[in-house]
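Just below is one structure, and these are the notes that go with it.
All of the numbers you see were taken from the coordinates with simple rules; none came from a lab. Treat the numbers as computed from the prediction; the structure is a model and nothing was measured. Neighbour counts are summed over all protein chains in view; Cβ atoms, including those assigned to glycine, are modelled from backbone coordinates with ideal geometry.
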Amino acid sequence: MKKHCMLVTGIRALSIVALLAYRGISPASAEPEAYNLPTAGRSESMIVSPSVLSPWKPAERDRTTAKDLKKRDEAKKQSIAALFQQYNKKLSDEKAADYALYIMQACKKFNQDPLIIAAMIVNESTVRHDALSKGGDYGLMQVRWRVHQKKIKKKYPQIEKARDMFDPKYNVLVGTEIFSACYATAKQDVRGALLYYSAGNERLADKVFAVLAKLEKEYLARLENG
């Protein structure tokens, strides 16, 4: 009986992994408990707008040439950098380009849409790397250190203290991973993931979608003219 139970459990585990692979989610990104995510109430309003670009999927990338991918990536980077400078007038061309690059790198790692992460940054911190909320949220993506610090330190030994979250590259990396976990929890629903990330802040989610629509329009224009 014990061997039978172990066999059934093993089959179920393999089935889950296969389902996640089919949906384009890596098993690691499908473990939201790893970051002790806040609970967000779900509602009928958690519906993704058709205009929102979905996260990259391996199959989509396979059908696209390297030249096309490079063109898309460049258009996204330029669109993100330009957007950031609109919201933070003090941001230099170099830093805006760096932030956009960090987003592209993190999103490729966790299979997320860079435009969504960029829109989140605009609303979370107004693109200020040293932003700090009263609740202890740090940096560009307002990472809540007191909630996630144990997991962050364990996975990223180079991040030792809260103030390390002011480093744009670390902040975007960690924030994107947390959002990826939220996205898996919300069953690949962008609005639901935003609500999980912000502990149910519907107003913030609406603002992210508004910026996202603007950014998507800019990206498509650059892609067409590029």
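Structure data summary
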| item | result |
| --- | --- |
| Members of the stretch 122-150 that are over 17 Å from the mean Cα position of the chain (by Cα) and in a loop (DSSP other than H, G, I, E, B) | Arg128, Asp130, Ala131, Ser133, Lys134, Gly135, Gly136 |
| Residue within the stretch 143-157 that is among the hydrophobic types (A, V, I, L, M, F, W, C) and in contact (Cβ under 8 Å) with a residue 60 or more places away in the chain present | yes |
| The one condition in (1) surrounded by fewer than 17 Cβ atoms within 10 Å (Cβ to Cβ); (2) touching a Lys or Arg at 6+ places or on another chain (Cβ under 9 Å) that Asn123 fails to fulfil | (1) |
| Criterion: assigned to a helix (DSSP H, G or I) and farther than 24 Å from Lys134 by Cβ - qualifying residue of Lys169, Lys153 | Lys169 |
| Residues of the stretch 198-218 classified as closer than 14 Å to Val122 by Cβ and part of a helix (DSSP H, G or I), total | 14 |
| Close pairs from the stretch 190-203: first surrounded by 24 or more Cβ atoms within 10 Å (Cβ to Cβ), partner of a type in the set (Val, Ile, Thr) and not in a helix (DSSP H, G or I), Cβ under 6 Å, at least 6 apart | Val190/Val48; Val190/Val52 |
